[in-house]
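For reference, the structure is listed below as structure tokens.
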Amino acid sequence: MNTINIIDKLYKENIATREELLYLLDNIDKDSINYLTEKANEVRMKTYKDKVYMRGLIEFTNYCVRDCKYCGIRKSNKDADRYRLTVEQIVNCAVLGDKLGYKTVVLQGGEDPFFTDEIMVEIITKIKSILPNNAITLSIGERSYESYKKMFKAGADRYLLRHETATKTLYEKLHPNASFENRRKCLEDLREIGYQIGSGFMIGLPEQDNNSLVDDLIYTKQLKPHMCGIGPFIPHKDTPLNNEEGGTLEKTIIMIAILRLLLPDTLLPATTSLGTIDPTGREKGIKAGANVVMPNLSPTDVREKYSLYDGKICTGDEAAECRMCIERRMNNIGFQIDISRGDSILWEKESK
Ligand code: SAM
């Protein structure tokens, strides 16, 4: 076994055993990282070419009933300055996004009981009545099957629910009073209802070793999500994990590239957290096989309050500035912004 052979196998067959994935993570060096990212880039060029899809992110509430130990908006953080956007503000953001060329809007928030099914249906219905051809992605955590179904019927198209870590013991340490099994069941429910689903995980969580990252790779390969969002864990000063180290650029890039080889058709974002730990982190993510960016569309006065981790970038920029900035950044590395809805190829294949 050697790292180059494993990368070649991933490239040709889009598969590897647990032992091979672990060997690769344990032994990868600078040369094989370069080889890995070149191969991942080649695969992305075959599937999605040099197109980078854009999603406008609206962070509409930072109230949350959960207590995830890594997250700055966890309910026990009494220093978080809580806010909720009104239905009208959310719809206005989506309309502004459309004008800026975002044909997908992502509505993300903490798990906030204020946003009942009825209110979510109202928001989705209003956006779809104005922008019938645009896609709506939801990212509002764990809800019941019935709730997911109501929102889907109202017009929601996609749902992001990162599995966070596929190692049960680690998941349980990080998520008090939450169920590892339920989070996964939610992803199954969402798929069954008809959503395009997005899973994902953080890199560099405390006690997360290469074995655990292999769990994430294997779970994601089996789940075959339409999207998979991975980014470094970054400590937040007002959480129990404030003194931890956090994830590295290098490890995140390696994981993006391996996922691209395992799942050629899956949409992979170059996340804001990656852009936070390195000024050109998102560009490096794209060059390693990612193909989505999610600039912020939230009103500037709430950006800092949606503080999941310290140092988050772009909190002061108007939506139009973020839009132009991201296009410039992508063009600088030879990629083109694609302003279509950007459905995953996997979805298109499944729909035929
Ligand atoms: N409440 C929804 C949910 O649970 O899926 C969506 C909002 S949640 C804040 C969005 C994502 O932020 C989480 O899935 C998690 O991976 C990420 N996140 C939270 N805290 C983070 C941190 N300290 N560093 C990096 N990512 C973080």
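Kindly give the semi-axes, whole Å and largest first, of the ellipsoid equivalent to the range 262-304, taking each as the square root of 5 times a Cα gyration tensor eigenvalue. Each step should come with its number before you reach the end.
Working: eigenvalues 106, 34, 8 Å².
Equivalent ellipsoid semi-axes, largest first: 23, 13, 7 Å.
Obtain the nm distance between the two label points defined at T300 and I130 by a simple spin-label model: each point lies 7 Å from its Cα along the Cα-to-C-beta direction.
2.1 nm
When the dipole is taken about the Cα centre of the range 190-339, and only Lys, Arg (+1) and Asp, Glu (-1) are charged at their Cβ, what size is it in debye, to the nearest 20?
420 debye
Relative contact order of the chain: what whole-number percent is it, with Cα pairs under 8 angstrom and at least 6 residues apart?
That works out to 23 percent.
Say the cut-off is 32 Å between C-alpha atoms; which of K69/K150; K49/K251; K12/K237; K153/K224; K173/K349 go over it?
Distance filter (> 32 Å) returns K12/K237; K173/K349.
Can you sort K153, K75 from fewest to most other Cβ atoms within 10 Å of each residue's own Cβ?
The order, fewest Cβ neighbours first, is K153, K75.
Between R191 and V87, what is 0.36 nm times their sequence separation minus the Cα-Cα distance? Round to one decimal in nm.
Answer, rounded to one decimal: 34.8 nm.
Once phi is turned into θ = phi - 60°, what whole-Hz ³J(HN,Hα) does the Karplus curve with 6.51, -1.76 and 1.60 give for every residue of the range 234-239, x standing for Gly and Pro?
10, x, 10, 4, 9, 10
Relative to the first principal axis of the alpha-carbon coordinates of the chain, what is the inclination of helix 3-13, with its axis defined by its Cα atoms, in degrees from 0 to 90 and to the nearest 10?
Roughly 60 degrees, rounded to the nearest 10.
How much mean residue ellipticity at 222 nm does the chain get from its helices, if each DSSP H run of length 4 or more adds -39500 (n - 2.57) and you divide by all residues, to the nearest 500 deg cm²/dmol?
Details: 15 runs with 164 residues, N = 352.
For the chain, the value works out to -14000 deg cm²/dmol.
Go through the cysteines of the chain and tell me which have no other cysteine Cβ under 4.7 Å away.
Cys with no partner Cβ under 4.7 Å: C64, C93, C186, C228, C314, C322, C325.
When a/c is below 1.5 the answer is rounded, else prolate if a/b is larger than b/c, else oblate, so apply that to the range 47-124 with a ≥ b ≥ c taken from the square roots of the Cα gyration tensor eigenvalues.
Oblate is the answer for the range 47-124, as a/c is 1.5 or above yet b/c matches or exceeds a/b.
Charges at C-beta only: +1 for Lys and Arg, -1 for Asp and Glu. How large is the resulting dipole of the range 64-197 about its Cα centre, in Debye rounded to 20?
Working: 23 positive and 19 negative charges, 52 e Å.
About 260 debye.
If I model a spin label at R18 and R328 as a point 7 Å from the Cα along the Cα→Cβ vector, what separation in nanometres do I get?
Spacing of the two 7 Å Cα→Cβ label points: 4.9 nm.
Nothing charged except the Cβ atoms of Lys and Arg (+1) and of Asp and Glu (-1): what's the magnitude of the dipole of the range 151-228 about its Cα centre? Round to the nearest 20 debye.
Around 260 debye, computed over the range 151-228.
What is the packing order of peptides 334-342, 45-53, 107-115, taking the mean over residues of other C-beta atoms within 10 Å and listing the highest first? Numbers along the way, then the final one.
Working: 334-342: 15.4, 45-53: 17.1, 107-115: 18.7.
Going from most to least packed, we get 107-115, 45-53, 334-342.
With a/c under 1.5 counting as rounded, go ahead and sort the range 1-108 into rounded, prolate or oblate using the C-alpha gyration tensor (a ≥ b ≥ c being the square roots of the eigenvalues; past the cut-off, prolate if a/b is larger than b/c, else oblate). The partial results should precede the final answer.
Numbers: a/c = 4.00, a/b = 1.73, b/c = 2.31.
Oblate.
Which one of L249, G311, W347 has its Cα pushed farthest toward the positive end of the charge dipole of the range 223-348, where Lys and Arg give +1 and Asp and Glu give -1 at the Cβ?
Ranked along the dipole, the leading option is W347.
In whole Å, how far is the Cα centre of the range 100-178 from that of the range 1-73?
The distance from the Cα centre of the range 100-178 to that of the range 1-73 comes to 24 Å.
Considering the options T86, V65, G155, tell which one lies farthest towards the positive end of the dipole of the chain, charges being +1 on Lys and Arg and -1 on Asp and Glu at the Cβ, about the Cα centre.
The residue sitting farthest along the positive end of the dipole is G155.
Pull out a ≥ b ≥ c, the square roots of the eigenvalues of the alpha-carbon gyration tensor of the range 214-352, then state rounded if a/c is under 1.5, prolate if not and a/b is larger than b/c, and oblate in the remaining case.
oblate
Quick note: the coordinates plus some simple rules give every number you see, no bench work behind them. The structure displayed is predicted, hence computed values, not measured ones. Every residue, glycine as well, gets a Cβ built from its backbone with ideal geometry; the counts of neighbours run over all protein chains shown.
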